[in-house]
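Beneath this line is the structure, given in structure tokens, with notes to follow.
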Protein chains: 4
Amino acid sequence: MTTPFKTIGLIGRQRKEDITDTLLALKHLLAQRKLATVVETETAGYLPKDKLPIYSRDELGKHCDLMIVVGGDGSLLNAARAAVNHQTPVLGINRGRLGFLTDIRPSELDNKVSEVLDGKFVEEKRFLLGIEIEQNNKAITQDIALNDVVLTPGDVAHMIEFATSIDNEFMLNQYADGLIVATPTGSTAYALSGGGPILHPSLAAIVMVPMFPHTLSARPIVISAASKITIEIASTNETAPRLSCDGQALVSVPPGARIHISKKPEQLRLIHPLDYKYFETLRAKLHWGTKLA
Amino acid sequence: MTTPFKTIGLIGRQRKEDITDTLLALKHLLAQRKLATVVETETAGYLPKDKLPIYSRDELGKHCDLMIVVGGDGSLLNAARAAVNHQTPVLGINRGRLGFLTDIRPSELDNKVSEVLDGKFVEEKRFLLGIEIEQNNKAITQDIALNDVVLTPGDVAHMIEFATSIDNEFMLNQYADGLIVATPTGSTAYALSGGGPILHPSLAAIVMVPMFPHTLSARPIVISAASKITIEIASTNETAPRLSCDGQALVSVPPGARIHISKKPEQLRLIHPLDYKYFETLRAKLHWGTKLA
Amino acid sequence: MTTPFKTIGLIGRQRKEDITDTLLALKHLLAQRKLATVVETETAGYLPKDKLPIYSRDELGKHCDLMIVVGGDGSLLNAARAAVNHQTPVLGINRGRLGFLTDIRPSELDNKVSEVLDGKFVEEKRFLLGIEIEQNNKAITQDIALNDVVLTPGDVAHMIEFATSIDNEFMLNQYADGLIVATPTGSTAYALSGGGPILHPSLAAIVMVPMFPHTLSARPIVISAASKITIEIASTNETAPRLSCDGQALVSVPPGARIHISKKPEQLRLIHPLDYKYFETLRAKLHWGTKLA
Amino acid sequence: MTTPFKTIGLIGRQRKEDITDTLLALKHLLAQRKLATVVETETAGYLPKDKLPIYSRDELGKHCDLMIVVGGDGSLLNAARAAVNHQTPVLGINRGRLGFLTDIRPSELDNKVSEVLDGKFVEEKRFLLGIEIEQNNKAITQDIALNDVVLTPGDVAHMIEFATSIDNEFMLNQYADGLIVATPTGSTAYALSGGGPILHPSLAAIVMVPMFPHTLSARPIVISAASKITIEIASTNETAPRLSCDGQALVSVPPGARIHISKKPEQLRLIHPLDYKYFETLRAKLHWGTKLA
């Protein structure tokens, strides 16, 4: 059987658990199948020196047909933000603990990755959010997010006052600790612990979850992913709130500035084994089998 | 200016507050404009006897080009379930207290209704859910809902055990007091007081809100309105739970039966004045202006 | 070592799982230790016929110094409501699944029950609520509750309008599906799935949890167990709501009637093994070890 | 009629709204009644220069029999932390917007303050929390809180891992954005917007509200105010979380350190007019009169 993928990129982030074994297993599997292998710079540091080509995270996607990410959902988020620019599909291998995005366990690596390389897989599209911060009619920052955009106070002791509009229609003024704007992919991450609903990944929708809102009748609101969100930081704020994308970047948003959030045209191509079932992952991650008594 | 509506149907339900004045004002306005007027049977009882044609709630929509509903959101829900069969557009006049669906106040009646009759209006589509209860492969009941489908115990002292599937993929077994399945229209009604998110009316999505779930990690979940939901009542339930559509009908669902829920092809044609703004209604209804301190 | 308990009462309710083995093991253990044993009527039916004295649930406590309950928390609730009248201490054995009140597992029965009979135990006091329904200045019903008092609609389609006062000071009018009034013991049962907080069992406090309240700013409120709660069912209600104590009794409360709730002077004497730890049970029951990812 | 208060201290914090008018009105009222008046340093700056004695916030309570605070609940919190050391009673005047603690409106000032000075008032006791941060068996910081103690990440992008014990019994390990520990007084402040219950002010209880907990089954827990809480910051945390008392101080808590929280022996003496009703304030502040529809 022929594979749709000729060159495979390896990328992974090491936290507490070691990912070297998994990377080596992948390297050998790819060598056996005579597939070209390229490696991301930091990832190469976890492997014994050899002659595999090395590329930066941002360049890797340009030089391969499939990126295999080793690590947790955080590692995949990190890699995905780079992969999406080159429209390179991404496959996630977890380090032993099931992730929402990394659904192949190390013990299944041989079988499941082989199947994918044989062309037996499902490709799922996950959309991303594009963020632009504008001040005095000038864009001062741009970023993207696969999970969520989170607005938090610059100084923990201050609430933020901000106004939200959807497609240029004013929605509300809020006085809160912050705001989470999440995709369906991010709806099972931070937004969920903030009381947000789960959005099925096939849904073209965005959820906005207020954080510790001063108004007790504030509720999470779900809008179309085709909508354009504008968040204006009231100029009455004494300190500049901060904005974080996928928990990674953190920029200051000056009072008076506006945050524009809208769906990016490019989507993440997420690869799953054929037997992948979203609700199975959901049940496992949320312990839905476990009854109270 | 010509009106797109030649014959107008009047319908309203009286609860505590009198609707006769509003009906009379409408009748005179329509007579002035030389528009044909027809009246629903119960509604005719609130008016002095005259020669206007009278039709049942289910027939009214067939004999008019626009139904004007006087009352609260409950009255509009009631009328809409009949209107949708004939694809008759519906306009709501509230009795002094703003509704999500009835957004013209009696004091604005002359101006706003005249504008609508002049053809100055926006038409919004709201989808409905079709419900079918199946037992032993036979459909035993069918119904529709504009707001929500609510599963509750037949006997308040018993929890219900049920299994939910989405597009034939098993989602979870639940042990709970019940389940609310709501459209965006219904997301600001009962589902909201049960902890569900607000769904923007333009969203093709359905929210499922578990009621007093035994599993503390159960959360509201939002799925595509194109999905087919199946709820199987476990045969272990000792009593038959009950199902209610828009808080109106209430049928028994025997243990072992399945409830199938999916979007109806016909949508409600909801008429608003030109200056209607969804978020304005939302802010007013949820008191979003009011801060805690 | 001498035992403080001369006569032991056995009581248990059988649901899905068999309790006969556990009852027999207890009977033999007590016979070995030459302790007098008496049995509750229904419980005697699960045992082979012999000459042990048999008493009704309500009489059992009068004829023994310790009641051993076999079953789940529901069985203990049931037995406790009878035991408290005679101030008989109660010990709970679960059927394999840890309960909040039944904390000895069948496998630990020999060791742990022997310890208790040897006088090595801790006695914990749990307070109960006394409930009186009053209409036209006459008491029409009285009941007690160890877990909770739950007000629900007589007909699932109707919300209830009611006014709550604490120590004769008006608190609020509510329009809701119902109200849960729970003791600390009941705070980890139904009230918890309704969004109520956990109250430590040593706390002399009562929590009131509104069910699906119409006002979005309604919140659970915790008051002193020394307070007297009065709930007046508005005479505007078209149907009579129902009241349930510990999920067992269910009485109708006519519109216009008042429900008086206050702490009973008699407390339940709950016996635990020496190594009992409340938070250990809490962690186990609420799966607090399990992280989201 | 004689007054129990011979010398009155004036204190107030100015935010957006001017408090000078209210301070002047008070000064004149006290002069008319020939009562000695002393003023806090910052507060004196809002008044025209005169010969009234001036004391620092911390000293003021020593030199008067009653402190009158002008401002919002924040101003009263600030003053109360100083007043409690001298056991000086405190009376709050709001700036036009009702507070939970400042319940006299400027328009009622003449009547209500006069009544209080005439000895017609109720005194309510509110307890405070004492906080001690310990590292390597040495106390490194001490503080007090009338409302709440809030643990937050030092860096917004990091969750905190911490272990909580109650009276030296281990409760749970948590992985969360933070934790709010609130008194009944603080239960209607920040803890409420985080999903905590309302605790009646007469209750000797403390509520612990996890902030964005990773475990979905985490819930607010209410414990006795007589309990000693210990929060141990796991040494695995890469950055030092921060602790804030009543939203005012903010100290760093090194990984490995322990936070000890317990009720202070001294209580705040809060003065109310005779017609003060807690639930009236609660209804007004939480807009409990306002129904959803």
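The values are calculated or read from the model by the stated rules, or taken from the named source; none is laboratory data. Worth saying up front: this structure is predicted, and the values here are computed from it rather than measured. We place every Cβ from the backbone using ideal geometry, glycine too, and count neighbours over all the protein chains shown. Quick note on the areas: whole protein, heavy atoms, side chains included, nothing else; ligands and nucleic acids left out. Shrake-Rupley method; radii C 1.70, N 1.55, O 1.52, S 1.80 Å.
Would you mind finding the one in A:Leu282, A:Leu243, A:Leu286 that is aliphatic (A, V, I, L, M) and either away from chain B (no Cβ under 14 Å) or at positive phi (or both)?
Exactly one of A:Leu282, A:Leu243, A:Leu286 is aliphatic (A, V, I, L, M) and either away from chain B (no Cβ under 14 Å) or at positive phi (or both), namely A:Leu243.
Would you check if there is a residue in the stretch A:203-215 being more than 27 Å from A:Ser75 (Cα to Cα), out of contact with any helix residue (DSSP H, G or I) (no Cβ under 7 Å at 6 or more places or on another chain) and either surrounded by 24 or more Cβ atoms within 10 Å (Cβ to Cβ) or facing another protein chain (nearest Cβ under 8 Å) (or both)?
First, pick out the residues of the stretch A:203-215 that are more than 27 Å from A:Ser75 (Cα to Cα): A:212-215.
Add one more test, that the residue is out of contact with any helix residue (DSSP H, G or I) (no Cβ under 7 Å at 6 or more places or on another chain), and what stays is A:215.
Next, from what is left, pick out any that are either surrounded by 24 or more Cβ atoms within 10 Å (Cβ to Cβ) or facing another protein chain (nearest Cβ under 8 Å) (or both): A:215.
For the stretch A:203-215, residues more than 27 Å from A:Ser75 (Cα to Cα), out of contact with any helix residue (DSSP H, G or I) (no Cβ under 7 Å at 6 or more places or on another chain) and either surrounded by 24 or more Cβ atoms within 10 Å (Cβ to Cβ) or facing another protein chain (nearest Cβ under 8 Å) (or both): present.
May I ask you to say which residue of C:Gly92, C:Gly99 is assigned by TED's automatic domain parsing to the domain that holds C:Leu282, assigned to a loop (DSSP other than H, G, I, E, B) and either in contact with a strand residue (DSSP E or B) (Cβ under 9 Å, 6 or more places away or on another chain) or at pLDDT 95 or above (or both)?
From the options C:Gly92, C:Gly99, the qualifying one is C:Gly99.
Hey, B:Arg95 hits all of (1) in contact (Cβ under 8 Å) with a residue 12 or more places away in the chain; (2) open to solvent by less than 40 Å² (accessible area, probe 1.4 Å); (3) out of contact with any Cys (no Cβ under 9 Å at 6 or more places or on another chain) but one; which does it fall short on?
Here B:Arg95 meets the rest and fails (2).
For B:Leu250, work out the one condition from (1) modelled with pLDDT of 95 or more; (2) open to solvent by 20 Å² or more (accessible area, probe 1.4 Å) it doesn't fulfil.
(1)
Given the condition within 16 Å of the chain's Cα centre (by Cα) and among the polar types (S, T, N, Q), answer yes or no: does some residue in the stretch B:130-140 qualify?
Going through the stretch B:130-140, the residues within 16 Å of the chain's Cα centre (by Cα) turn out to be B:130-131.
This time we only want the ones that are among the polar types (S, T, N, Q), so: none.
No, that holds for no residue.
What are the residues in the stretch D:134-173 that are assigned to a strand (DSSP E or B) and touching a His at 6+ places or on another chain (Cβ under 8 Å), if any?
Within the stretch D:134-173, D:Glu134, D:Ile166 meet the criteria.
If you take the residues in the stretch D:106-118 that are in contact with a strand residue (DSSP E or B) (Cβ under 8 Å, 6 or more places away or on another chain) and not aliphatic (A, V, I, L, M), which one is least open to solvent (accessible area, probe 1.4 Å)?
Looking at the filtered set, the residue picked out is D:Lys112.
With respect to C:Arg242, is the statement that it is under 30 Å from C:Met67 (Cβ atoms) and over 17 Å from the mean Cα position of the chain (by Cα) true?
Taking the combined requirement at face value, the residue satisfies it.
Name the residue, out of C:Leu151, C:Leu192, that is more than 14 Å from chain A (Cβ to nearest Cβ) and open to solvent by less than 30 Å² (accessible area, probe 1.4 Å).
It is C:Leu151.
Just a yes or no: is a residue in the stretch A:219-226 open to solvent by 50 Å² or more (accessible area, probe 1.4 Å) and among the β-branched types (Val, Ile, Thr)?
No, the stretch A:219-226 contains no residue that is open to solvent by 50 Å² or more (accessible area, probe 1.4 Å) and among the β-branched types (Val, Ile, Thr).
When the residues of the stretch C:65-92 are narrowed to those that are open to solvent by 10 Å² or more (accessible area, probe 1.4 Å) and more than 14 Å from every other protein chain (Cβ to nearest Cβ), which ends up nearest to C:Val116 (Cα to Cα)?
It comes out as C:Asp65.
Being of a type in the set (A, V, I, L, M, F, W, C) and without any contact (Cβ under 8 Å) to a residue 40 or more places away in the chain, is that true of even one residue in the stretch B:228-240?
Among the residues of the stretch B:228-240, not one is of a type in the set (A, V, I, L, M, F, W, C) and without any contact (Cβ under 8 Å) to a residue 40 or more places away in the chain, which makes the answer no.
Being in contact with a Gly (Cβ under 7 Å, 6 or more places away or on another chain) and open to solvent by 30 Å² or more (accessible area, probe 1.4 Å) narrows it down to one residue among D:Pro53, D:Pro48, D:Pro4; which is it?
Criteria check complete, one pass: D:Pro4.
Assuming A:Leu243 fulfils every condition listed in (1) farther than 30 Å from D:Thr215 by Cα; (2) crowded, with 19+ Cβ neighbours inside 10 Å apart from one, which condition is it?
(1)
Consider B:Phe127 carefully, then state whether it is open to solvent by 20 Å² or more (accessible area, probe 1.4 Å) and assigned to a strand (DSSP E or B).
No.
Evaluate the stretch D:140-155: report whether one residue or more is in contact with a Leu (Cβ under 8 Å, 6 or more places away or on another chain), of a type outside the set (Phe, Trp, Tyr) and more than 17 Å from D:Leu250 (Cα to Cα).
no
What tally of residues in the stretch C:246-268 results from selecting those that are within 14 Å of chain B (Cβ to nearest Cβ) and touching a residue at least 12 places away in the same chain (Cβ under 8 Å)? Step through it out loud before you land on a result.
Pass one, the stretch C:246-268, residues within 14 Å of chain B (Cβ to nearest Cβ): C:246-253.
Subsequent filtering for residues that are touching a residue at least 12 places away in the same chain (Cβ under 8 Å) retains C:246-249, C:251-253.
Number of matching residues: 7.
For the stretch A:141-156, enumerate the residues that are of a type in the set (A, V, I, L, M, F, W, C) and free of Cβ contacts under 8 Å to residues at least 60 places away in the same chain.
A:Val156
Table: residues versus (1) of a type in the set (Val, Ile, Thr); (2) more than 17 Å from D:Ser202 (Cα to Cα); (3) crowded, with 16+ Cβ neighbours inside 10 Å.
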site	(1), (2), (3)
D:Lys228	no, yes, no
D:Arg258	no, yes, yes
D:Arg269	no, no, yes
D:Phe279	no, no, yes
D:Gly289	no, yes, no
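Residue-by-condition table, conditions (1) more than 14 Å from chain A (Cβ to nearest Cβ); (2) under 15 Å from B:Ile68 (Cα atoms); (3) in contact (Cβ under 8 Å) with a residue 12 or more places away in the chain; (4) surrounded by 22 or more Cβ atoms within 10 Å (Cβ to Cβ):
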| site | (1), (2), (3), (4) |
| --- | --- |
| B:Asp103 | yes, yes, yes, yes |
| B:Lys120 | yes, no, yes, no |
| B:Ala139 | yes, no, no, no |
| B:His158 | yes, no, yes, no |
| B:Phe162 | no, no, yes, yes |
| B:Asp177 | no, no, yes, yes |
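For the stretch C:269-279, enumerate the residues that are out of contact with any Leu (no Cβ under 6 Å at 6 or more places or on another chain) and either away from chain D (no Cβ under 12 Å) or without any contact (Cβ under 8 Å) to a residue 12 or more places away in the chain (or both). Explain how you work it out, then say what you get.
Taking the stretch C:269-279 first, the residues out of contact with any Leu (no Cβ under 6 Å at 6 or more places or on another chain) are C:269-270, C:272-279.
Within the stretch C:269-279, C:Arg269, C:Leu270, C:His272, C:Pro273, C:Leu274, C:Asp275, C:Lys277, C:Phe279 qualify.
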